[in-house]
Amino acid sequence: MLVQVAAPFLWCGAVLGISFLEAPLKFRAPGITVALGVGIGRLVFRALNALEALLALVLTAAVLAAPTAPAVPLLLGGLWALLLWQVLVVRRRLDRRAVAVAAGTGAPGSRWHLVYIGLEAVKVVALPVLGGLALAGALS
């Protein structure tokens, strides 16, 4: 039960730390060019998405192993769908663009960045709700 409560908050913290703190700040560091920044971003977001997948797997195992509030599996399924779409569709497009920007053949910024940010915002709202539902289920 502890994993059902803790994992969503850990996942949310990782998304907040990387997507809403590290990502925009790296471009303000002295000497960071756009090409270098997008290269770093590709590595960091690949690592973040791997961590997210690991947390989603651990959370799924915890939900399958112990009773929980009925909404928890539904919300977790929605987060799986969001993460898979984000990684398999959105991040792939952003990766191609980042490679072009690093090679000097593409302009920085695209609507896919806004889509990615929007999906991150949905996770930042949904994950604490998921953790709260798991906690409420544990207390009842």
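The values are calculated or read from the model by the stated rules, or taken from the named source; none is laboratory data. From a predicted model like this one, the values you see are computed outputs, not experimental measurements. Cβ placement follows ideal geometry from the backbone for every residue including glycine, while neighbour counts extend to all protein chains displayed. The area values use the complete protein model at the heavy-atom level, side chains included, leaving out ligands, DNA and RNA. Shrake-Rupley method; radii C 1.70, N 1.55, O 1.52, S 1.80 Å.
Things worth noting here:
- For the range 17-56, fraction of C-alpha pairs farther apart than 16 Å, in %: 36
- Over the range 1-119, relative contact order from alpha-carbon pairs under 8 Å, at least 6 apart, %: 32
- Convex hull per residue volume in Å³, alpha carbons only, for the chain: 91
- Anisotropy class of the range 1-82 from Cα gyration tensor, a/c 1.5 cut: prolate
- Probe 1.4 Å - accessible area at S110, Å² to nearest ten: 30
- Acute angle (nearest 10 degrees) that the helix 34-65 long axis makes with the longest principal axis of the chain, alpha-carbon atoms: 10
- Between R92 and A50, residue separation times 0.36 nm minus the direct Cα-Cα distance comes to 13.7 nm.
- Largest GNM mean-square fluctuation among G77, G31, G39, using the chain with Cα springs under 10 Å: G31.
- Ranked by how many other beta carbons lie within 10 Å on average, peptides 43-54, 124-135 from highest: 124-135, 43-54
- Only helical runs count toward this figure. For the chain, summing -39,500 (n - 2.57) over DSSP H runs of n ≥ 4 and dividing by all residues gives -26000 deg cm²/dmol at 222 nm.
- The range 78-137 shape via C-alpha gyration tensor axes, a/c threshold 1.5: prolate
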